[in-house]
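Worksheet: one structure, shown below.
The values are calculated or read from the model by the stated rules, or taken from the named source; none is laboratory data. Values in this document were obtained by computation on a predicted structure and should not be read as measured data. Glycine also receives a Cβ, built like all others from the backbone with ideal geometry; neighbour counts cover every protein chain displayed. Remember, those area values only see protein heavy atoms, side chains included, never the ligands or the DNA or RNA. Shrake-Rupley method; radii C 1.70, N 1.55, O 1.52, S 1.80 Å.
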Amino acid sequence: MNPNKALWEKGDFTQIAQTMRESGEALVAQLGITSNLTVLDLGCGDGTTAIPEAKLGATVLGVDIARNLVEAGNNRAKAEGLTNCTFQEGDATDLHDLADQSFDLVVTIFGAMFAPKPFDVAKEMVRVTRPGGRIVMGNWIPGDPTLVAQILKISSAYTPPPPEGFVSPMLWGVESHVVERFEKAGIAKENISFLKDSFTFSAPFPPSELVSKFKNYYGPTMNAFEAAEKNGKTLDLHQELEALFNSHNKSDDKNTTLITAAFLRVTVRL
């Protein structure tokens, strides 16, 4: 099986995504989406941004590598009565069943960044976007002091080194790498712009419970805990993550969670 598919089908990202809905809607509201647009939401999960895009009237196709998330997305769209939003399985490195120049807007928020072969990912996103269209990416920033970069940094300290040739997904959060990848796909540097933005995890339960959700449902953290268990370091990892989540929680109520994480918003104009 494709290891990336196995990683994202391993847990149940919907458990994390539920804490990201408000920020997903707020981000989509800034993208100028109108009813005449066709949108590809790539690495869409269960529709944190795809569902709000469809509610604004766009015709939306959500594509994700994880079968369980595609199924969850279709169930959400059906429950919302959205006939203009469908989800299907697909690989961001090879969107072979999508025609050239078939979308006005490609959106990928913390999605395509996790696919291997980043140059192929950039090439495919450019290929399926119409001239005059846009690509909008949200990518976590390596070494950033806020939550998600630190979760991944802590987790990596407990896992075996990646295989030779592995390209860190976090490099999508470095402007020079983004420019290089899109230039190789035929985009001029001046058509690529950057904005440091933020995304908030909001939950009606304490940070300790959010740690548990990452531990039990988020593929990369699940792998870290499995590796830590083999080395007798499960408690160490759990304590590190709990300290991280507690220190970043901005909620006035200790029984709720409000944690903001920084990301790089990339806009590519074709």
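Test residue 232 against the criterion of being exposed (fewer than 15 other Cβ atoms within 10 Å of the Cβ), within 22 Å of residue 155 (Cα to Cα) and either among the small types (Gly, Ala, Ser) or touching a strand residue (DSSP E or B) at 6+ places or on another chain (Cβ under 9 Å) (or both), and give yes or no.
Yes.
Looking at the range 31-43, can you tell me whether even one residue there is part of a helix (DSSP H, G or I) and open to solvent by 50 Å² or more (accessible area, probe 1.4 Å)?
No, every residue in the range 31-43 fails to be part of a helix (DSSP H, G or I) and open to solvent by 50 Å² or more (accessible area, probe 1.4 Å).
Being under 17 Å from residue 245 (Cα atoms), in contact (Cβ under 8 Å) with a residue 60 or more places away in the chain and not acidic (Asp, Glu), is that true of even one residue in the range 158-174?
No, there is no match, as no residue in the range 158-174 is under 17 Å from residue 245 (Cα atoms), in contact (Cβ under 8 Å) with a residue 60 or more places away in the chain and not acidic (Asp, Glu).
Would you please name the residue that is nearest to residue 262 (Cα to Cα), looking only at residues in the range 145-163 that are small (Gly, Ala, Ser) and assigned to a helix (DSSP H, G or I)?
Out of the qualifying residues, it is 149.
Here are some conditions: (1) modelled with pLDDT of 95 or more; (2) crowded, with 18+ Cβ neighbours inside 10 Å. Residue 131 meets all but one. Which one does it not meet?
All conditions pass for residue 131, except number (2).
Within the range 177-201, count every residue that is open to solvent by 80 Å² or more (accessible area, probe 1.4 Å) and free of Cβ contacts under 8 Å to residues at least 12 places away in the same chain.
The qualifying residues number 4.
Looking at the range 45-56, can you tell me whether even one residue there is of a type outside the set (A, V, I, L, M), touching a residue at least 12 places away in the same chain (Cβ under 8 Å), open to solvent by 10 Å² or more (accessible area, probe 1.4 Å) and more than 25 Å from residue 261 (Cβ to Cβ)?
no
Would you be able to say whether some residue in the range 63-74 is touching a helix residue (DSSP H, G or I) at 6+ places or on another chain (Cβ under 9 Å), open to solvent by 50 Å² or more (accessible area, probe 1.4 Å), farther than 24 Å from residue 198 by Cβ and not in a loop (DSSP other than H, G, I, E, B)?
Taking every residue of the range 63-74 in turn, at least one turns out to be touching a helix residue (DSSP H, G or I) at 6+ places or on another chain (Cβ under 9 Å), open to solvent by 50 Å² or more (accessible area, probe 1.4 Å), farther than 24 Å from residue 198 by Cβ and not in a loop (DSSP other than H, G, I, E, B).
If you take the residues in the range 1-25 that are among the β-branched types (Val, Ile, Thr) and either without any contact (Cβ under 8 Å) to a residue 60 or more places away in the chain or not in a loop (DSSP other than H, G, I, E, B) (or both), which one is least open to solvent (accessible area, probe 1.4 Å)?
This residue is 16.
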